[in-house]
Structure formats: C-alpha cells, structure tokens
Amino acid sequence: MTIADERKDLSHDEGGHEHDHGGPKGIYLWLTSTDHKVIGKSYMYTSLVFMLIAGAMAMIIRAQLTGPNNHLVSQQTYNELFTIHGSMMLYLFAGPFAFGGFANYILPLQIGAPDMAFPRLNALSYWLFLTGGVTMLSGFFTSGGAAAFGWVSYAPLSSYSNAPGAGPDLWIVAIVLTGFSGIFTAVNLITTAFYLRAPGLTMFRLPIFTWNMIVTGMLILIAFPILTAAMIMLYADRHFGAHFFTVSGGGSPVMWQNLFWFFGHPEVYILALPYFGIVTEVIPVFSRKPVFGYKGLVFATLSIGALSTGVWAHHMFTTGTVLLPFFSALSLLIAVPTGVKVFTWIATMWGGDIEFKTPMLFVVGFLVTFVMGGVTGVMLAAPPIDFAVHDTYFVVAHFHQVLAGTAVFGGFSGFFYWYPKLTGRMYREGLGKLQFWMAFVGFSLTFFPQYIIGLRGMPRRVPVYLVSDHVTFLNQLSTVGAFLTGASFVVWLINMLISWKRPVAAGDNPWDGHTLEWATSSPPPHHNFVTLPPIRSARPLWDANHPEHADYKSPGHGVEFRDEEVNK
Amino acid sequence: MKVEYRIYMGIGVFVLLITAVYFFWAKEYGGVTMLFGVAGLGIMPALYFGWWRKRMDPRPEDSETATIAESKGVIGAFPSNTIWPFVLGMGAFLSALSLVFGEWTLVIGGALLIFGAASVTLESRRGGVI
Amino acid sequence: MSSFKFVKERHRSIEGLALVGLALVLSSCSNAFGGYRGATTQGQSEASLYQGFMITGIVVAGITFLGLFYVLVKYRRRKGTNKIPKQRHSNLPVEVIYTVIPVLIVIGLFVFTVRSENKITQVSSNPNVSVDITAFQWGWRFTYSNGVSIVSQGANYPQLVLPSNETTKVTLVSQDVVHGFYVPAFNFSRYALPGVTNYFDLTPTTTGTYVGRCSALCGLYHGEMLFSVRVVTPSQFKSWLTQQKAA
Ligand code: HEM
Ligand SMILES: [Cu+2]
Ligand SMILES: [Cu+2]
C-alpha cells in the first residue's frame, strides 16, 4: 500500500464523510473550495487579469510619451496611471502569480502532499487578494481619482493635504489586504513544505522550486509586516493627526523611505525568487539533466535571502542621509549569489540535450533579459553612478528588465510548462513560439532604448519632455516595442481559446518530467496522488522512468531502492 | 527538523551580525531596530524547530531511506468545501473599507467576521460538513 | 516650454543605431557609453567610474552570453536523436571558480566606487561661492551669499549661474515634499528633503548652459519643474553677481 492510498483513506474530511467527487460545481465550487489546485488556479487567472489591466495602463503611458508634448492624458491621470500600473504589477501580478498561483498549485504536488497544511486559511488568502485588487482598482472611480504618488508613496507627498480624497486611502487598504494575503500564504507554504513532505523527501531532495518558495515565504514574513505597519502609520498620519512622517509634528519623512525600502528590497527578491524557481525546474527537464550544483544553488538562494535584508538604503543613495559604503558593499555582494545562479543554469544546460519547446524558449528570453538587467543593477549599486541616473529612465529600464523580465518570461515559461498539468490539455506550440518571439523582440525594443533615454537625463514619472533632450525618437521606438509586447498577449489569449475549444489531451507526463507533480494524472485528482514512486533522490520520477540513468547511481545523490519498494 | 532549524538559525545569526556591523558603523538607530527585529524573526522560529527537533520521533520525511509505506497514521485533516473562508474574507474586506467609507461598512463587515470566525471554529469541532 | 533652449553638451544622432540594438556599445567611441562626460570635476569622476563599470559589465555579460549561446547551439536536440546525456550533478572546482571570480570582481568594483564616491561627496570648508537652493512645489529658489535670489515664476524657469573652475558649495533644502536637484550634464542628483539639509560641491569645468530638472516625483507638475544652469568664467560671474545685486 502506498502513502497515497493511505492518504486517500486518511486525509478525507474531518468527521469522516466520504469523498464527494460529485461535489459543488461552477461558481459555488469557486466560492467554497479549499483545494489548493482550485485556489492556485484562481490565483493564477486572477493575477493574469490584473496583469492585462495593468499592461493596458502601460500602453496608455507609452502612448502619451510618443511625443515631447503630447496631451493624450492629463498630468493627474498620468500620475495615477503609473502609480496603479506599478502597484498592480508588483502587488497584484508578479507576486501573487507565482507565490499564490504556481506555489499553491505545484508545491504540494512536488512534495507529495494531499493539500496545503491550512486549506481554509489558503482560501481566505485568495479572498483577501481578490478584494485587495478590486479595492486598488476602485480608486479610479472616486471623485479625486486613484492614488498618484508613485508605488513608493513617499511622505509627505502621500499626506492628506498633498493627496486628499478616497483614492489614496483605497490604495492603502488594498496594500494591507493583499499584504495579509501574502503573509497567510507564506505561513501556509512554509508549514506545508516543512511538515507534509512524502517519506524519503528530505530537505536536500526538495525540488529547487520548492526551496525558492520556502525562502520567498521567509522573506515575506520579514518584509510584509513592516509594510503593513508603515501603511498603518501612514493612515494614522492622514486621518488621526499622527506625525510619524511630518516634519512640523516632529516626524521624519526619511523614516518613511527607510521603512518602505526595508520592505521594498526584500520585496524585489520576493518577486524574483519564485520565478528563479520556475526556471530551475524547466531547464533540467528540457536539457534532460539534473540541476548542476544543487547545494550551491540552495545556498545561493539562502544567502540572497539573508543579504537582501541589509541593502534597503541603495534606493536612498541620493538622499544624502545613508551610509554609502555599507549599502553599496552589500548590494554589490548580493550580485555574487545571483551570478552563481546564472552560471548554474548555464552549466545545467551544458552537455545536455536541449529541446526548444515554448517553456524553454521563454527561459532563454528570461536569461538574456535578466543578465542585462542584473549588470545594470550592479552599476546602480555604485552610489556615484546612482547619483547620475537615479529616478531616470535608466532605472526604469533596469527594473523592468529584472522584474518584468522574470515575471513575464519566467512566468510564461512556467505557465506553458505546467499548463498541461493544470488542464490536461496541450497548448499550441506554434502560437506559443510566436508569442515568445513577439514578446522578446517587443520587450527588448521597449526597454533597451530606455537606458539611453535615462542616460540623456529624462526623469521617470514625467508625462512631457524637451525636444532638446533628443529622446523623442528613442521614446517612439520604446512605444512601438511596448505595443508589440502588448500584441504578444493577444496571441497568448488566442492560444488559450483554441486549446480550450479544441482540446488536445496532454497526457500525464508530456515533458518527461523529473519531479512528483508529473507522477499523477493531469489534472490531478482530489488530494493529488493515487500512487507515489519511491523517493530516493531529488528526481524520483526520473529515477523511476530512467533506472539506468538514475540519480542514485552517482555517488552522493541518493540511495538505491530495493526492488520490493517498486510497487505497482 | 534539523535542516529547517539550521536554515532559520543561519539567517537569524547572519542578520544579527549585519545588525552589529551596522550598529557600530552607521549609528542610525531606525535601521538597527528593524535589523534586530529581523534577526529575531530568524531566531524565534529556529528555537521552536530546535525545541521540537529534540522531542519528536524521527520523521520518515527526514530519512534518506524511508519507504512510501512508512508514513502511517493520520496525515492531517483536509476539509473539502466550506463557505466560511469566503465569508471571513468579505468580512475583512468590508471592515477594511470602513477606513475609507466610514463606520457603516464596519457594522456589516464586523458582523460577517464574527459570524464567519464562529462558524469556522464550530465546523472544525463538529467535523465540518460544508 | 518652447522658450526653453539649451546648448547641448554633446549630441550625436545615434538613434538610427539604436534600432540595431547596438547603440550603447557603438556610441562608446566618442561619448562615455551613452552617458555624459561630466561638466564638473565631480561629474567626470562619475563618468570614469561609469566607464569602468560599463567595460566590466560588457566583459562579464559578453562572456556569459557567449557561454549561453555556445551551449544553446552546441547542445540543442538534433532531429531524430533521442539520447540521454551524461548525468553530471556537480563539479566542485567549476563551482568554486564561478563563485570566487565574481567575488573578486565585486571587491575591485567596490574599491573604485569608494574612491569616486569620496571625491564626489566631499564638501569643501572654504568654497569660492555658496548658494542656498530651495525646492518647492513646483519651482526653485537660488540664493547667493550676498543676498541675490533667483526664483521660478510660472513658466519662467530660473537659471543658476556658476563660475567655472571654482568650487561652489550648495546647501539644499525643500520647503514641502521630496524633490530632486538633478543636472544630467553634471552626472549628479541629490534629493531635497523636508527637514533635512544637504550639502554638496559643484566644480564646473566647461562653460555653457545645461538643463536641470526635478528628479523626485513631487506632485502634479513634477514634469515641468525645470531650471537651467549657466556656467561662466569667474570674472563674468563676478560682474553678473554685482549687476544682479544692483538690480
Ligand atoms: C509589459 C510591458 C510593460 C510596459 C510597456 C511597461 C511600461 C511602464 C512605463 C511606461 C512606466 C512608467 C515609467 C515612468 O513614467 O516613470 C512603468 C512603470 C512601472 N512599471 Fe511597468 N511596464 C510593463 C510591465 C511591467 C511589469 C511586468 C512590472 C512588474 C512586475 C512593471 C512594474 C513597474 C513599476 C514598479 C513601475 C514604477 C511605477 C512608479 O513609478 O511608481 N511593469 N512601466
Ligand atoms: Cu533594492
Ligand atoms: Cu519633482
């Protein structure tokens, strides 16, 4: 008898009533389900919708910038648009897509668990996320408009006198709601990974995806409480006459920046690490090799997590109030584990048998964009260079290549990789590849010119610029690129539509996967597994499918299992 | 549990070191406070895992050679369908909105929160049918 | 905004090349990798640091991309083959090398960074000229030590006049929200914060007029919070200052 059989017997609902496979359907299922797979999918689709909305805002922003003195939108609207675009992309797309979506769906499967540790808390997380998102968008429908102080909401621009109205308050409430959603998910995922692993799946056999989610969860538990506290202080300043961030009342606006970035920098890794995890699943499978330097990779992730708590003030170099050498040293240092990751990925492909299916193409796109964004990030870690380009389009280009690069290319890589598992259907390979090339060309065309735009001195968050800046043509290029990127999402939607209307069965393990999620059916049954293969290394399914190349044949990478364990 | 303990302890101690360096070099106490808090967020869970590590039986998921059949007993209770998280979520949502629109949403939101919290607790105790 | 004219420090039309995606590299021949050479000594120090970082970056990214594309081409799956490659898990020397080399690079970069940063952030105790700069929504006030004050008026952008080859000490404050004093051609920006007084030196080396702007989002008209900087010879500066005083 396998654990899965037992789990099927034992893990049914409290009170022992039978599995109700003919249970609620449709909207009532969506409202009441505590199945991590349903919640994970809800998270994914919801965050993708938010991404499309925020992306549409980006298109308006880019359209405004096609000429130096355009009047497509008003100054106020422009400020609202980039504020909500940035906030939505970060809080409602990049984070929840990976951490609420992929992690929720995939992590329990990868560790052979029947569900998350706290299924009801998991459902609550989703509702907080959804309502938080709706709250953020609703700012546009208030009389004063949405928040317009940038996603960093620097005090005192975010004070009541400078930003009156309900829009900014809705923004604060939205961040608090989604913040709690993130905290609950983090608690849930860490507990699940620590306590619900299948027998034999030791910590150092966990897939890297799961490892990255653990570290992300730890960072969320560090960062989000600080953000929530800062938001409550801001609200108190706005409405209860507190003076945390007002000079006249003895407070300090710089304190806001310290608090915000103490959250904000770990947040950058909270957004990036999950996608690093996705990429580290896709590369080995499409190269038919194990991850190169598994332990080194785990330690790189952990040290990124640890170091990321000590670099917050690299966003404050130009304030003249921070200890430059300390923060520049740690910021430069954090490039090392990040670099190690990139080299590990290349070394994993080295000597492999690389198949360029859509997920793998997106990985290549991710690597190219991310390395460029990383190199310019190292430049920004040097205060003198930051003085020259801080708050210009150079920074916009840098963080889009890093963040949007990971979330879009890494995200779609994971999406296409696990799409067969999620739905049991296959997407159309040709359309997937077309989407990739459009996104890659469009994305590069959008953000590469922005480096030069920034070096020529165009600040970010401005709707107009000067003819004498000589950035008009470059801005037009960037806008063309943005619309091409936008069109790539249309190709994606068409792909989804076709695969939905004319389904092609994908099979349980279309990619010859390595990890446990491919050991169950597509989509997996309620409580996930019917049988589990024996777990003797980090790649149990590979071992089972390729015994002659199994991991435990390499010294130090697992233990050979006895024949009687191979149950069928 | 050993690895879990070490991860948290490692991060906690590392941040404590950074805190010390920052304390003596920058002499900026806002940052010191936050860093110190983070060190605590590493060390506190570490102590919890460390405490359990000594007291719990070895787990099959920590064994390199455990067989799948080794995990016997109840793994956990996983409720299938329940409306209460949704009710709680809406309660939290409406309560939070009172920060923007005034007290009246707090009345509805608070009621939903209390009702939802009570129901979800009862559900667990009586063994949750939807 | 049309009344606003600036002498460009340098301008080559490289837009066409940007199309090919090579602009950054190609433009390096004559201007510092797309950045300004710097019209102050501080800005020049930044420019050389930037060039060093840029060269390092190109080398590192170049090697990484070479490795990446080599692997992608060499180890791509050929049609009709179905072999399982050698299952290599790790190689300690390789891992040590790709960890240690980045550490060394980073230490090197840090040393140059600190040197340059000390030069740029140094504030002289006996400057030739002192200016108090106040940022407000949405304009600037430049006040010289003899009382001469120049301030934004509507769409008339104010002009900061500085002597070349002399050190001007700037005292920067904000009257309301966070602003940023930014002169792209000087490769320099510094936030103007409420409740905090910032000091920095500017030592212009090249005469001319440069655009300056607010770098930190400060509300509705942030995008139009411009000013200009005119660098003149010390004698011109003296006569300008006395003339302003008289006026
Ligand atoms: C896919 C195409 C995208 C385009 C064309 C785009 C374009 C833009 C533009 C034009 C701005 C305004 C820059 C400014 O005025 O300063 C902006 C800001 C921003 N974007 Fe994007 N973006 C895209 C995707 C993303 C994604 C995926 C993320 C995050 C994961 C993201 C995060 C941000 C952030 C954080 C800001 C800053 C907002 C602020 O200044 O407060 N963007 N983007
Ligand atoms: Cu950062
Ligand atoms: Cu401004």
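Give me the percent relative contact order of chain A, please, defined on Cα pairs under 8 angstrom at least 6 residues apart. Don't skip to the answer; put the middle values down first.
Details: 935 pairs, mean separation 91.7, N = 568.
Relative contact order comes out at 16 percent.
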* Set of the stretch A:447-487 residues, backbone N closer than 13 Å to the point 7 Å along the Cα-Cβ line of A:N69 -> A:464-468
* Using Cα-only point scatterers and the Debye equation, what is log10 of I(q)/I(0) for chain C at each q in 0.10, 0.12, 0.13 Å⁻¹, rounded to two decimals? -> -0.64, -0.82, -0.92
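Let me confirm one metric for peptide B:38-45, namely the mean number of other chain beta-carbon atoms within 10 Å of its residues' beta-carbons. Please report the intermediate quantities before stating the final value.
On the way: counts 10, 1, 0, 5, 6, 0, 0, 4.
Counting Cβ atoms of other protein chains within 10 Å of each residue's Cβ and averaging gives 3.
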* 10 Å-binned pair-distance histogram of chain A (Cα, whole percent) -> 3, 17, 28, 27, 15, 7, 2, 0
* **Per-residue average of Cβ from other chains inside 10 Å of A:72-78** => 2
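What is the packing order of peptides A:356-365, B:50-59, taking the mean over residues of other C-beta atoms within 10 Å and listing the highest first? It would help to have the intermediate numbers written out before the result.
Details: A:356-365: 23.2, B:50-59: 11.2.
Put in order of decreasing packing, that is A:356-365, B:50-59.
I want the local charge near A:F97. Using Cβ-Cβ distances under 15 Å, sum +1 for each Lys or Arg and -1 for each Asp or Glu among the other residues. Could the numbers behind the result be given before it?
Numbers: positive: A:K41; negative: A:E267.
After counting each charged neighbour, the total is 0.
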* Asked: Around A:I494, with a cut-off of 13 angstrom between Cβ atoms, what is the net charge of the other residues, counting Lys and Arg +1 and Asp and Glu -1?
  -> +3
* Structure fact -> Counting all Cα-Cα pairs in the stretch A:385-516, those more than 19 Å apart amount in percent to 58 percent
* Asked: How many Cβ atoms of partner chains, on average, are near each residue of A:172-185 if near means within 10 Å of its Cβ?
  -> 2
* Have a look at the DSSP beta bridges in the stretch C:129-246 and tell me what percent are antiparallel, nearest 5. => 70 percent
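If we count every other residue with Cβ under 12 angstrom of B:A117's Cβ, Lys/Arg +1 and Asp/Glu -1, where does the sum land? Don't skip to the answer; put the middle values down first.
Details: positive: A:R120; negative: B:E123.
Surrounding charge for B:A117 is 0.
Which entries in the list C:K169/C:K238; A:K25/A:K433; A:K501/C:K83 go over 24 Å, if you measure between the two C-alpha atoms of each? Kindly include the intermediate steps, with their values, before the conclusion.
On the way: C:K169/C:K238 16 Å; A:K25/A:K433 34 Å; A:K501/C:K83 36 Å.
In this structure, A:K25/A:K433; A:K501/C:K83 exceed 24 Å between Cα atoms.
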* Roughly what % of DSSP beta bridges within the protein assembly as shown run antiparallel, to the nearest 5? -> 70 percent
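Taken together, the values in this text are just the output of simple stated rules run on the coordinates, not laboratory data. None of these values were measured; they are calculated from a predicted model. Note: ideal-geometry Cβ built from the backbone for every residue, glycine included; neighbour counts use all protein chains shown.
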